[in-house]
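> One structure, pasted below without further comment.
The values are calculated or read from the model by the stated rules, or taken from the named source; none is laboratory data. Please read all numbers here as calculations on a predicted model, not as lab measurements. We place every Cβ from the backbone using ideal geometry, glycine too, and count neighbours over all the protein chains shown. Heads up: the accessible areas ignore ligands, DNA and RNA and are worked out on the full protein's heavy atoms, side chains in. Shrake-Rupley method; radii C 1.70, N 1.55, O 1.52, S 1.80 Å.
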Amino acid sequence: MRRLSPALALCALLVAALPAQAADQPAHYDGYGTKAPYAPGQNPRTYQRPPAGFTPVFTENVSRHGSRAATDSEDGDLLLALWDKAEAEGQLTRRGEEFGPKVRALLDAMAKVGYGNLSGRGKQEMQSTARRMQQRLPALFARMVRDGEKIDVVSSGQGRAVDSANQYTGALAETDPALKPLIGPTRTDKDLLYFHKAAGGAAYRDYIANDQRLAGTLKSITDQPRTHEAARSVLRRIFKDAFVEQITDQVTAAQAVYNLYAIAPAMSEESPDGEGWGMDRYISHHDAAWFGYLGDTEDFYEKGPGFADSDITYKMAGVLLDDLFKQVEAKRAGTSDLGAELRFTHAEEIIPLAALMGLPGSTEPVTPEEPYTYADNPWRGADVAPLGSNIQWDVYEKNGRYLVRMLYNEKETPFKAACHPISKGSKFYDLDELERCFGRG
């Protein structure tokens with residue numbers, strides 16, 4: 001059988017790459033990528049109980065900041081410049097006539113929140129996750145109050161991560177005021193929680209800036225007929241055909257529409273009616289799913305499992321995985337006075353940590369000949385690192401034996417296949433076993 005050339009194989013695979021949806025997600029969920037709003041992955045009432053006699057002695061998390069405003073006004077500014085010109089020339093569709101005022105209102109709301117800052121929804125996400133942690137581990141928090149065990153809080157130092165930490169710990173203290181004196185000030189550790197921009201990320205940054213295979217792969221996936229068709233489809237909802245043909249970079253303009261669509265749910269509380277901005281009127285779910293796939297492609301290759309012959313995108317997350325273990329090991333050794341370690345960071349850290357740990361959805365890298373597609377790979381930004389995403393380890397002890405249970409976006413999640421739980425189907429793992437299977441012996 002004749003083998004297709006890599007270029008033809010790429011084209012064939014990408015034709016089949018239109019986003020497929022999980023049966024339990026709304027049809028447009030994947031279209032938001034890593035801007036998807038947070039929802040806990042499991043009803044807490046269905047969590048497994050720890051084995052008899054084991055009591056919680058420690059908990060820790062790594063949390064992405066909550067929902068936020070866009071980091072700048074660039075997309076809105078671009079679209080308003082086009083809209084103003086089209087309005088002056090009578091080149092707006094009936095639907096497009098509504099678009100400019102909505103974009104202006106959304107930009108005004110984001111400017112009021114502060115570009116890149118937590119939105120009202122983001123604050124609620126942090127508060128609600130904190131309260132669910134407290135409800136999940138009442139005996140642990142009672143122990144902290146009784147014994148004076150501390151809560152250490154650390155962030156990347158970026159505003160939205162610091163604010164997320166404050167919202168999270170504020171909710172803990174509000175629920176139980178006795179915890180307030182136990183909560184330490186939020187300290188900054190960029191090497192731990194902003195490693196993609198710290199010294200440990202130097203090789204990674206060189207890869208992003210200079211790797212020709214990466215650049216070529218992203219270009220070949222993005223610059224194809226389906227992208228240009230989707231761009232025209234998006235723009236024709238807003239502008240008349242003659243005006244669309246005048247737009248020199250239709251893909252960039254359409255991506256700007258998509259970017260506003262994707263960030264709008266994060267800003268839902270700031271909308272005039274508190275229900276949302278209706279940005280889905282200006283992009284079909286089909287086209288949003290395609291642009292969401294393109295965004296996922298970039299994140300997959302730049303932050304996630306990436307190419308099968310390289311760990312450059314996630315090796316640097318080792319510093320964070322190491323800290324997860326060190327905190328539990330210190331508890332076991334009796335050298336820690338902490339009851340909880342709370343960390344607040346970004347998608348650039350959550351995504352590579354998920355790949356390094358082999359969390360569900362982040363286990364399959366690709367080859368240049370068989371690129372990333374929705375049809376062939378389970379990786380989805382909306383599942384791996386939505387806004388407010390988190391990894392939590394709950395630690396239980398009995399007679400000197402320590403067990404760890406992991407929650408990933410608040411869903412009980414097994415560790416990678418090389419790690420063996422205490423019994424078949426259990427979500428609890430011996431700390432000794434985790435150290436063995438992660439090579440910490």
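> Any residue at all in the range 244-260 that's under 24 Å from the mean Cα position of the chain (by Cα) and either of a type in the set (S, T, Y) or outside any helix (DSSP H, G or I) (or both)?
Yes, some residue in the range 244-260 is under 24 Å from the mean Cα position of the chain (by Cα) and either of a type in the set (S, T, Y) or outside any helix (DSSP H, G or I) (or both).
> OK, next. Taking the residues in the range 59-74 that are surrounded by 22 or more Cβ atoms within 10 Å (Cβ to Cβ) and charged (D, E, K, R) as candidates, determine which candidate is nearest to the chain's Cα centre (by Cα).
Among those that are surrounded by 22 or more Cβ atoms within 10 Å (Cβ to Cβ) and charged (D, E, K, R), it is R64.
> What residue, of E364, E369, is open to solvent by 60 Å² or more (accessible area, probe 1.4 Å), within 30 Å of L214 (Cα to Cα), assigned to a loop (DSSP other than H, G, I, E, B) and at pLDDT below 95?
Every option except E369 fails the conditions.
> Within the range 237-281, count every residue that is small (G, A, S), over 18 Å from A70 (Cβ atoms) and at pLDDT 95 or above.
Counting residues in the range 237-281 that are small (G, A, S), over 18 Å from A70 (Cβ atoms) and at pLDDT 95 or above gives 1.
> So, in the range 393-407, exactly how many residues are open to solvent by 20 Å² or more (accessible area, probe 1.4 Å) and touching a helix residue (DSSP H, G or I) at 6+ places or on another chain (Cβ under 9 Å)?
Within the range 393-407, residues that are open to solvent by 20 Å² or more (accessible area, probe 1.4 Å) and touching a helix residue (DSSP H, G or I) at 6+ places or on another chain (Cβ under 9 Å) number 4.
Here is a yes/no grid of residues against (1) of a type in the set (K, R); (2) free of Cβ contacts under 8 Å to residues at least 24 places away in the same chain; (3) crowded, with 16+ Cβ neighbours inside 10 Å:
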residue: G170; (1), (2), (3): no, no, yes
residue: Q212; (1), (2), (3): no, yes, no
residue: L218; (1), (2), (3): no, no, yes
residue: P225; (1), (2), (3): no, yes, no
residue: V234; (1), (2), (3): no, no, yes
residue: K240; (1), (2), (3): yes, no, yes
residue: V257; (1), (2), (3): no, no, yes
residue: M267; (1), (2), (3): no, no, yes
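> Within the range 192-210, work out how many residues are out of contact with any Ser or Thr (no Cβ under 6 Å at 6 or more places or on another chain), buried (at least 16 other Cβ atoms within 10 Å of the Cβ) and in a helix (DSSP H, G or I).
6
> Using beta carbons and a limit of 6 Å, which pairs, at least six apart or on different chains, have the first residue in the range 352-367 and on the phi > 0 side of the Ramachandran plot and the second one of a type in the set (K, R) and open to solvent by 20 Å² or more (accessible area, probe 1.4 Å)?
If the second residue must be of a type in the set (K, R) and open to solvent by 20 Å² or more (accessible area, probe 1.4 Å), the pairs left are G358/K416.
> Between residues in the range 399-424 that are free of Cβ contacts under 8 Å to residues at least 40 places away in the same chain and residues that are part of a loop (DSSP other than H, G, I, E, B), which pairs lie under 6 Å by C-beta distance while being six or more apart or on different chains?
What qualifies is M406/T413.
> Kindly evaluate G381 against the criterion of being in contact (Cβ under 8 Å) with a residue 12 or more places away in the chain, surrounded by 21 or more Cβ atoms within 10 Å (Cβ to Cβ), more than 23 Å from L137 (Cβ to Cβ) and of a type in the set (G, A, S).
Yes; evaluated as a whole, the condition is true for this residue.
> Step by step: first the residues of the range 425-434, then only those that are outside any loop (DSSP other than H, G, I, E, B), out of contact with any Pro (no Cβ under 7 Å at 6 or more places or on another chain) and without any contact (Cβ under 8 Å) to a residue 60 or more places away in the chain, then the one that is surrounded by the fewest Cβ atoms within 10 Å (Cβ to Cβ). Which residue is that?
D432
> Let me ask something additional. Which condition number does D163 fail, the rest of (1) crowded, with 20+ Cβ neighbours inside 10 Å; (2) touching a Pro at 6+ places or on another chain (Cβ under 8 Å); (3) closer than 18 Å to G184 by Cα; (4) among the charged types (D, E, K, R) being met?
It fails just one condition, (2).
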